[in-house]
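Only one structure is covered here, and it is reproduced in the block below.
The values are calculated or read from the model by the stated rules, or taken from the named source; none is laboratory data. Since this is a predicted model, take the numbers as computed values, not measurements. Using ideal geometry, Cβ is built from the backbone for each residue, glycine included, and neighbour counts are taken over all protein chains shown. Heavy atoms of the whole protein, side chains included, go into the accessibility calculation; ligands, DNA and RNA do not. Shrake-Rupley method; radii C 1.70, N 1.55, O 1.52, S 1.80 Å.
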Amino acid sequence: MRNGRAYLSLVIVNCYLFIAMIAYVLSGGNLRGALQVGALQALLKDPARQPDFVVGTSIGSINGAMLAYDPTPGGMEKLAHIWRNVKRSDVYPGQRLGLARRLVRGRDSLYTDRPLRRMCQLAMPPQLKTFADLKIPLYVTAATLNSTSLYVWGADRSANLIDAIVASVSMPVVFPPIVHRNHQYVDGGVIANLPLQVAVAKGATEIYALDVGLTTHKLPRAKGMLGILNRTIQVMLHHQTLRELEHVLGLPGITVHHIMLNGFKDLRWGDFSKTSEMIEHGHRQAQSYLRHPAPNRLRRDEAAPPPPPGAEEFIGS
């Protein structure tokens, strides 16, 4: 009898140890974060994919907060409604003359963080004040301009949620850094646009990574100064994310569903007119992955353009 009880206890302990800890990791990606909303709607249709916690960077921190507050299909429908009703002036107010004036005067950013903070406050339920008010844990990242460190909110459940999100979405030059004790904190995507290692450190064994930054598609020619700057940032984030994926995919006992949400790469700055299309497109892409899941797979680029005269493409090990 004792041996039977001991065996049963061992089975229970082993079952406990091998229960998957599911994390959703939401990347940064500015307005293309609408793609994540559609993908979340697809993922949450199956209760078996219910997340145990969420990690978000930049726009992924806003989507992540709403997911952590109401991780249900109904909650994602509410989030979609919020996205569809946001206008450019809600986040990026003012005219070009005003932006030029801030640039000439040497301001830290093109916009203040007041509209961004107000939009977050209006989007979230009034009772949602701190991380403790969320239904499931949320971890939000930010970088600093004073070192190369990454900072993560979420362990201190009493921390102010809006403050953390505003720091995480404070894209340098666009929004001002958040200042604390004379140190500057900015968008977490500067260091980890898809913070998979944070999810692993918090105990995830299965990760659904909704990535709007990485792409394997050959992109068209970039045009104009802003277009070239935007493409430059995309290329840097692409390689940063590749390194993150390569690291985590090499860890034992971790299953990563890397769901790349492609499309709308050359969306004009502040253009919210494609939001509904992006939500639907994200939903279709997630559904396509779920029909034929390919965990722990790193997708490579399509054929690169031909090298300029005298050069050759470098293929790292």
Query raised in the report: Is there a residue being touching a residue at least 12 places away in the same chain (Cβ under 8 Å) and buried (at least 24 other Cβ atoms within 10 Å of the Cβ) anywhere in the range 67-75?
Result: yes
Query - Residue satisfying condition, being of a type outside the set (Val, Ile, Thr) and over 21 Å from Val25 (Cα atoms), within set Lys218, Lys202, Lys135 - result: Lys218
Report summary line: Being of a type in the set (Gly, Ala, Ser), touching a Leu at 6+ places or on another chain (Cβ under 8 Å) and either open to solvent by less than 50 Å² (accessible area, probe 1.4 Å) or outside any helix (DSSP H, G or I) (or both) narrows Gly227, Gly203, Gly189 down to just Gly189
Report summary line: By residue number, the members of the range 209-258 that are of a type in the set (Val, Ile, Thr) and within 30 Å of Gln50 (Cα to Cα) are Val212, Thr215, Thr216, Thr241, Val248, Ile254, Thr255, Val256
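Return the residues of the range 206-224 that are out of contact with any His (no Cβ under 7 Å at 6 or more places or on another chain), outside any loop (DSSP other than H, G, I, E, B) and charged (D, E, K, R); say none if nothing qualifies.
To start, the set of residues in the range 206-224 that are out of contact with any His (no Cβ under 7 Å at 6 or more places or on another chain) comprises 206, 210, 212, 216-224.
Those left that are additionally outside any loop (DSSP other than H, G, I, E, B): 206, 210, 224.
The one that is out of contact with any His (no Cβ under 7 Å at 6 or more places or on another chain), outside any loop (DSSP other than H, G, I, E, B) and charged (D, E, K, R): Glu206.
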Query - Residue check for Ala167: open to solvent by less than 10 Å² (accessible area, probe 1.4 Å), in contact with a strand residue (DSSP E or B) (Cβ under 6 Å, 6 or more places away or on another chain) and either part of a helix (DSSP H, G or I) or closer than 30 Å to Asp271 by Cβ (or both) - result: yes
Report summary line: Among helices (runs of 4 or more DSSP H) entirely within the range 28-127, at least 3 residues that are within 19 Å of the chain's Cα centre (by Cα) and modelled with pLDDT of 90 or more occur in 34-43, 59-69, 73-84
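I'd like to know if the range 210-217 contains one or more residues that are at pLDDT below 95, among the polar types (S, T, N, Q) and on the phi > 0 side of the Ramachandran plot. Working first, answer last.
So in the range 210-217, the residues at pLDDT below 95 come out as 212-217.
Remaining after also requiring among the polar types (S, T, N, Q): 215-216.
Subset that is on the phi > 0 side of the Ramachandran plot: none.
For the range 210-217, residues at pLDDT below 95, among the polar types (S, T, N, Q) and on the phi > 0 side of the Ramachandran plot: absent.
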**Report entry** Identity of the residue in the range 128-149, small (Gly, Ala, Ser) and either at pLDDT 95 or above or surrounded by 19 or more Cβ atoms within 10 Å (Cβ to Cβ) (or both), that ends up farthest from Val166 (Cα to Cα)
**Finding:** Ala132
Report summary line: Filtering the range 259-295 down to residues that are of a type in the set (Asp, Glu) and farther than 24 Å from Arg49 by Cβ yields Asp266, Asp271, Glu277
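State which residue is surrounded by the most Cβ atoms within 10 Å (Cβ to Cβ) when the search covers only the range 175-186 and only residues that are in contact with a strand residue (DSSP E or B) (Cβ under 9 Å, 6 or more places away or on another chain) and part of a loop (DSSP other than H, G, I, E, B).
The first filter runs over the range 175-186 and keeps only residues in contact with a strand residue (DSSP E or B) (Cβ under 9 Å, 6 or more places away or on another chain), leaving 175-179, 183-186.
Next, only the ones that are part of a loop (DSSP other than H, G, I, E, B) stay: 175-177.
Working: Phe175: 25, Pro176: 18, Pro177: 21.
Looking at residues that are in contact with a strand residue (DSSP E or B) (Cβ under 9 Å, 6 or more places away or on another chain) and part of a loop (DSSP other than H, G, I, E, B), I get Phe175.
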Report task. Only residues that are modelled with pLDDT of 85 or more and of a type outside the set (A, V, I, L, M): list them for the range 293-311, please. Result -> Pro293, Pro295, Asn296, Arg297
